[in-house]
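The structure appears right after this line, and notes come after that.
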């Protein structure tokens, strides 16, 4: 591995160092982690307001580097919604990746006005705690015509089953059909779950499991 490819920057933090260590381990041992998005990836949200099809898309994607995250309306780095805080504890200073702000997006489809809020979610904010190396995931809340349609849906990043057994890759809101389609992944397979808006309002994440 060419170590000169890792350029330390003035704003370098623990996240960058974690990525460096993980990539060195992969190069030396051939070991690669799977499942939840780890801190060597750069997760981001992509929201598309498609007025031609009267649909709204929300996706969680990852880039290999921060520079590879696309630019444009509806695209938001999840790490940019967080900040690193160091807290002095009994065992010395500890680093935490905490929520700094949320990202808001609006979309007007034929018949309804949508407002989306994306917040960064982590199972454990403590960097060296249990699953603390997981990258932040999308926590999605959606309002339709000022009425809350979906509340705090977490896409991925759980540490323990049953929640960690599956992840949500994307959600599509179909205004014409008054329904939402959830793209769910588990154990190497992906499936779509279509749910009417009336049921989305009371949706619990575990209902999207492919085992249900």
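Annotation note: of 29, 48, 62, 4, the sole residue that is surrounded by 14 or more Cβ atoms within 10 Å (Cβ to Cβ) and either at pLDDT below 60 or within 23 Å of residue 158 (Cα to Cα) (or both) is 62.
Quick one: which of 185, 176 is surrounded by fewer than 17 Cβ atoms within 10 Å (Cβ to Cβ), without any contact (Cβ under 8 Å) to a residue 24 or more places away in the chain and farther than 17 Å from residue 46 by Cα?
Working: 176 fails: without any contact (Cβ under 8 Å) to a residue 24 or more places away in the chain.
On inspection, the qualifying residue turns out to be 185.
Mind counting the residues in the range 65-86 that are surrounded by fewer than 12 Cβ atoms within 10 Å (Cβ to Cβ) and part of a helix (DSSP H, G or I)? Total satisfying the criteria: 2. Residue count for the range 163-173 under the criterion of being part of a strand (DSSP E or B) and buried (at least 17 other Cβ atoms within 10 Å of the Cβ): the result is 6.
Test of understanding: among 84, 116, 149, 140, which residue is under 23 Å from residue 179 (Cα atoms), touching a residue at least 12 places away in the same chain (Cβ under 8 Å) and in contact with a helix residue (DSSP H, G or I) (Cβ under 9 Å, 6 or more places away or on another chain)?
After applying the criteria, what remains is 149.
In a residue-by-residue description of the range 122-133, the property of being touching a helix residue (DSSP H, G or I) at 6+ places or on another chain (Cβ under 6 Å) and assigned to a strand (DSSP E or B) applies to no position. Each residue in the range 87-99 was checked for being in contact (Cβ under 8 Å) with a residue 24 or more places away in the chain and either more than 18 Å from the chain's Cα centre (by Cα) or not in a strand (DSSP E or B) (or both), and 2 pass.
Evaluated against (1) under 24 Å from residue 185 (Cβ atoms); (2) touching a residue at least 24 places away in the same chain (Cβ under 8 Å); (3) part of a loop (DSSP other than H, G, I, E, B), residue 53 falls short on exactly one condition, (2).
Scanning the range 152-162 for residues that are in a loop (DSSP other than H, G, I, E, B) and either over 14 Å from residue 187 (Cβ atoms) or touching a residue at least 40 places away in the same chain (Cβ under 8 Å) (or both) turns up 155, 156, 157, 158, 159, 160, 162.
The values are calculated or read from the model by the stated rules, or taken from the named source; none is laboratory data. This one's a predicted model, so the numbers in the text were calculated from it and none came from an experiment. Here Cβ is always computed from backbone atoms with ideal geometry, including for glycine, and neighbour counts include all displayed protein chains.
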